Amino acid sequence: MDEPHNANHDDTKTESTTLHRSTTKKVFGGVAGGISERFDVDANIVRVVFVVLALAYGLGAAIYLAMWALIPRATSEGVDVAPEEELDPSRVRWLRFALPLGVLVLAVVIIAAFHNVLRFGAGLSVAWLVFLVVIAIIALRAPARRLTFRRFLALGFLSFLSFLILVTGSFLVTVQVIGVPLEGGSGVKEWRPSAIAEVQRTYHGAFGSSTIDLRNVPFAPGTWSITASQGVGVLTIDVPSNVTLDLRTHVGIGNVQDNLYEFLAPTRSTATRAKTVYLDLNLEVGIGQIQINRSEVARAVPIPPTPPAPPSN
């Protein structure tokens, strides 16, 4: 004889496979209790997460209110979690594909940053954000699973990867908006020319620090133009004390430090142009700092030759 159909049990089981507001684990709206019943975690942990997010400019409160308005309330008191053997493997094994895909996306985004392909890297980060939204929808529609330690580690690693991808993408968007190129290589770069022929018209650095020391260059009277950029980091310029500067600086996020206020170029007249060394500096830093130093380099003073001794009688 067949067992009688239990409609209440079937309704409860169906309800557990979707996100809902709890009627039993309820403090305010039952949102945290519903999440705990849906994913089989402690409701107090979910509440703590909402409190922590609320400290981030009210983000947790906004999410809670939105879920309170959009998520339906449970119609029964008990909520059962679907047994593991009844789960559809094609719907719940998305983590196996999401984790290696996240590693690949992060590697491509970082490579795009170091090769100055800003738009591609930022676009890939936006695509990853869309992918996370799709995964979240799939996870909410799939039957509930118990949060084992293995799944906890996988979700934590995926969250960490997503954080790195989105932060890197935001950084690339910021650099792209600022407009300073990420080219010239990374690390600590130094240029110390000692002759006019060694002075370059342009200097570029991507990440790190760049130092351009012009103090030993014997500039002739006239105008000398130099452009230097640093994507992220510190750009340092050392200039000799016998030149007049025409200085233009641009820093997207950061500041400029210099001691050159009394040395900026005056109005150029025809009389003074022929006798003065003008150094036009066009300096750009995306995120970081520009440092400009004027100092005198000690030079060897030639010793006059000793006059020959008079001939002896």
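Rule-based calculations on the coordinates, nothing more; no lab input. This structure is a prediction, so every number in the text was calculated from the model and none was measured. Quick reminder, even Gly has a Cβ in these numbers, built from the backbone with ideal geometry, and neighbours come from all protein chains shown.
Miscellaneous remarks
- When V239, V167, V277 are arranged by Cβ crowding within 10 Å, least crowded first, meaning fewest neighbours, the order is V167, V277, V239.
- For region 198-215, Karplus couplings with θ = phi - 60° (6.51, -1.76, 1.60), whole Hz, Gly/Pro x: 8, 7, 8, 6, 10, 10, 9, x, 8, 10, x, 9, 10, 10, 10, 9, 9, 5
- Amide H contacts of Q230: G205, E284, V285, G286, each under 5 Å away and 5 or more positions distant or on a separate chain (H built 1.01 Å from N in the peptide plane; Pro and chain starts excluded).
- With 0.36 nm allotted per residue and the present C-alpha distance subtracted, the L166-Q200 stretch has 8.5 nm of extension available.
- A cut-off under 15 angstrom between Cβ atoms defines the neighbours of A32, and their net charge, with Lys, Arg +1 and Asp, Glu -1, is +3.
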